[in-house]
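The values are calculated or read from the model by the stated rules, or taken from the named source; none is laboratory data. Remember, predicted model here, so these are calculated numbers, not experimental data. Backbone-built Cβ (ideal geometry, glycine too); neighbour counts: all protein chains shown.
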Amino acid sequence: MPFITVGTENSAPIDLYYEDHGQGQPIVLIHGFPFNGATWEKLSGPLLAAGYRVITYDRRGFGNSAQPSFGYDYDTFAADLDVLMNELDLRDAILVGHSMGTGEVTRYLGAYGSQRVDRAVLMAPLAPFLLKTSDNPEGVEKSLFDGFQKAIIDDRFAYLTTFCEAFFNYQENKGRVVSEEAFRAHWEIGARASAKGTHDCVDAWQTDFRGDLPNIDVPVLIIQGDKDAVLPYPATGQRLASMLPDGKLVTLKGAPHGTPWTHPAEVNRAIMDFIGAPAMARA
């Protein structure tokens with residue numbers, strides 16, 4: 001399996017697992033919490049068929065990547081992405097993030113610029129700023145995040161069940177757009193993640209991305225379901241669209257948070273239209 005080293009902890013390297021398939025313009029898919037690159041399977045196949053080079057990687061602490069005791073913040077996550085971009089020498093890349101993965105995309109463009117990036121897709125985004133503060137009344141109360149972290153400490157596996165239910169709007173969608181087997185598979189992927197990383201990532205969700213937005217100078221597509229039960233649509237995607245001068249919002253009516261799995265046809269159509277596939281796929 002291929003790995004890229006992004007740091008060390010004591011005597012151990014911090015390695016990120018990645019997959020790199022196909023030829024053409026590179027598309028980097030960055031997964032959501034608490035999953036890994038395997039959850040992109042319904043999007044990666046069509047992108048490969050359209051003539052793109054598709055790269056997925058597991059965030060530190062998740063999937064097959066190393067599980068260090070530190071680094072679960074967006075400055076570090078963006079630095080990890082920068083290592084990947086440079087090690088693979090990616091140019092004219094399309095960055096696609098889902099949920100927590102949108103934070104890497106936003107902070108990377110804000111901190112490292114768009115020299116290697118052609119455009120970006122943010123699916124169910126964290127930005128602009130999820131935490132409620134005096135200058136951000138649209139945000140979510142901090143007590144909610146504190147409750148998530150307490151639940152993770154008390155019984156991480158029970159928390160994952162609750163999270164997956166919200167991720168899919170499972171009571172509404174089971175047997176229609178998500179099967180019991182897919183629910184269990186996502187739970188099992190989440191269960192393999194670092195316990196500390198799972199806990200610490202909740203702090204990262206409270207990152208203020210408003211300072212990054214003026215530095216984003218590439219076209220951005222935002223895709224989100226208006227029944228997102230994890231990241232409230234009015235406070236995230238809908239609000240973010242008005243803050244990006246070159247941003248486009250596609251709203252999936254009735255869709256939950258986990259649209260890469262539940263609504264792959266609609267998501268793929270929106271992405272293909274945005275990136276010009278297949279006619280504009282280029283080597």
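Assuming residue 185 fulfils every condition listed in (1) farther than 19 Å from residue 200 by Cα; (2) without any contact (Cβ under 8 Å) to a residue 12 or more places away in the chain; (3) over 19 Å from the mean Cα position of the chain (by Cα) apart from one, which condition is it?
(3)
One residue is enough: does the range 230-248 have a residue meeting the conditions of a type in the set (S, T, N, Q) and either closer than 30 Å to residue 155 by Cα or under 15 Å from the mean Cα position of the chain (by Cα) (or both)?
yes
Do you know which residues across the range 7-54 are part of a helix (DSSP H, G or I) and under 16 Å from the mean Cα position of the chain (by Cα)?
37, 38, 39, 40, 41, 42, 43, 44
Would you check if residue 86 is surrounded by fewer than 20 Cβ atoms within 10 Å (Cβ to Cβ), modelled with pLDDT of 95 or more, polar (S, T, N, Q) and farther than 26 Å from residue 199 by Cα?
yes
Determine whether the range 158-167 contains at least one residue that is in contact with a strand residue (DSSP E or B) (Cβ under 9 Å, 6 or more places away or on another chain), among the β-branched types (Val, Ile, Thr) and touching a residue at least 24 places away in the same chain (Cβ under 8 Å).
No, the range 158-167 contains no residue that is in contact with a strand residue (DSSP E or B) (Cβ under 9 Å, 6 or more places away or on another chain), among the β-branched types (Val, Ile, Thr) and touching a residue at least 24 places away in the same chain (Cβ under 8 Å).
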